[in-house]
Amino acid sequence: MFVVMAPAATEDQINAVKSHILSEGLAAHESRGVERVVIAALGEVGPRKEVLASRFAALPGVESVTPISRPFKLTSREFHPEDTVVDVRGVRIGDGSLTIMAGPCSVESREQLFETAEAVAAAGARVLRGGAFKPRTSPYSFQGLGLQGLRLLAEARERTGLPVVTEVMEPAQVDLVAEYADIVQVGARNMQNYSLLMAVGRIAKPVLLKRGFAGTIEEWLMSAEYVMSSGNPNVILCERGIRTFETYTRNTLDLGAVPLLHHLTHLPVVVDPSHATGKRFLVKPLVLAGVAAGADGAIVEVHPRPEEALSDGEQSLTLDQFREIMALVGPVHAAVASLHSESVLSGSALRVGGGRH
Ligand code: PEP
Ligand code: MN
């Protein structure tokens, strides 16, 4: 349940409510909004629910106590009406600006990575992507350069100033990847790897959480909930296509998820048209469509010579194609900027503090 504090509640009253929640064997998570503090009391309450709600409601400084009707709590707009802004070395994701992340599917060599990194930085990308540990469908395919790939990404960051995002595949690798990466990616195949989600929930780096091929929006938000409830509030959701009956495209980009997520959650949302379509000629229209739908950014695969790529060459943009997209997205983003502010309004319209949902 959410304990909504009165706008005039004192720090002592807020702390007393949190201690009370803990003494009932529940976890207390605080959200500081512009007007008021909301404290989520989370855990299995069973039949004690009503008794607890009236006890919390009677504490000094409490304005109201509302049951949380959705299964996802910390990720919900009800808990945190304002948009979460994830700050990655000064790049702000979720503040209404547009963040394009770009780079190769896999880090293959110093030359390939640096050539790509410099070109995407010059074209206006704000984050460099590149896989070092690669989740490949076949065990015989290129598996990534591992630690060497992480080191090259760190060097590319030094050269270009771009923060880097790279995937982590297992809990035991989380500390290593987090040492090099600025954003740690959890891939589609691991969206429901709960031990991995809890492990990335314990680090101090933002997490890019991709949607699983067959993940519903609710399952995806529950996965984000694992990360947040483990202590990491900086989650970026990435819609990367879901598996449908269609086979012309690798996956189907669920564009409706973008405005829906902005309604349901305060977390930033980006789209990945490269993995969604599997075809480079479809990436441009779907980057533009994702941005038009209100995405906070896009992540795309770029390779100086896609025909030589060790993974995902078919969907990798050439450097020229990437530059062309960068010239087009700005005006589209500017034209739909108001979508973003509307989604914030819809969050306030959920009436946190009004006592009813
Ligand atoms: C990737 O971004 O490198 C990747 C493997 O993507 P996904 O997990 O979406 O398939
Ligand atoms: Mn790829």
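Here the condition is being of a type in the set (Ser, Thr, Tyr) and more than 12 Å from Ala6 (Cα to Cα); of Ser64, Ser31, it holds for Ser31 alone. Yes or no: Ser223 in the same structural domain as Ser311 (by TED's automatic domain parsing), surrounded by 20 or more Cβ atoms within 10 Å (Cβ to Cβ), of a type in the set (Gly, Ala, Ser) and more than 12 Å from Arg211 (Cα to Cα)? In short, no. What about Val51, is it within 30 Å of the chain's Cα centre (by Cα) and either without any contact (Cβ under 8 Å) to a residue 60 or more places away in the chain or not in a loop (DSSP other than H, G, I, E, B) (or both)? When the stated conditions are applied, Val51 does not pass them. The set of residues in region 122-137 being surrounded by fewer than 20 Cβ atoms within 10 Å (Cβ to Cβ) and either in contact (Cβ under 8 Å) with a residue 40 or more places away in the chain or within 16 Å of ligand 2 (Cβ to nearest atom) (or both) consists of Ala123, Gly124, Pro135, Arg136, Thr137. From the list Gly187, Gly124, the lone residue that is on the phi > 0 side of the Ramachandran plot and in the same structural domain as His303 (by TED's automatic domain parsing) is Gly124.
Table: residues versus (1) closer than 18 Å to Gly94 by Cβ; (2) in contact with a Leu (Cβ under 6 Å, 6 or more places away or on another chain); (3) surrounded by fewer than 23 Cβ atoms within 10 Å (Cβ to Cβ).
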position: Glu158; (1), (2), (3): no, no, yes
position: Val164; (1), (2), (3): no, yes, no
position: Gln185; (1), (2), (3): yes, yes, no
position: Thr252; (1), (2), (3): no, no, yes
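For region 64-91, a residue qualifies if it is out of contact with any helix residue (DSSP H, G or I) (no Cβ under 9 Å at 6 or more places or on another chain) and surrounded by 17 or more Cβ atoms within 10 Å (Cβ to Cβ), and the qualifying residues are Ile68, Phe79, Thr84, Val86, Val88, Val91. Applying the criterion of at least 3 residues that are charged (D, E, K, R) to the strands (runs of 3 or more DSSP E) found wholly in region 95-188 leaves an empty list.
Looking only at residues in region 266-315 that are in a loop (DSSP other than H, G, I, E, B) and within 11 Å of ligand 1 (Cβ to nearest atom), the one that is nearest to Gly187 (Cα to Cα) is Asp272.
Going by the structure shown, is Ile39 in contact (Cβ under 8 Å) with a residue 12 or more places away in the chain, touching a Phe, Trp or Tyr at 6+ places or on another chain (Cβ under 9 Å) and in a strand (DSSP E or B)? Against the criterion (in contact (Cβ under 8 Å) with a residue 12 or more places away in the chain, touching a Phe, Trp or Tyr at 6+ places or on another chain (Cβ under 9 Å) and in a strand (DSSP E or B)), Ile39 qualifies.
The values are calculated or read from the model by the stated rules, or taken from the named source; none is laboratory data. The structure displayed is predicted, hence computed values, not measured ones. Neighbour counts run over all protein chains shown; Cβ positions are idealised from the backbone, glycine included.
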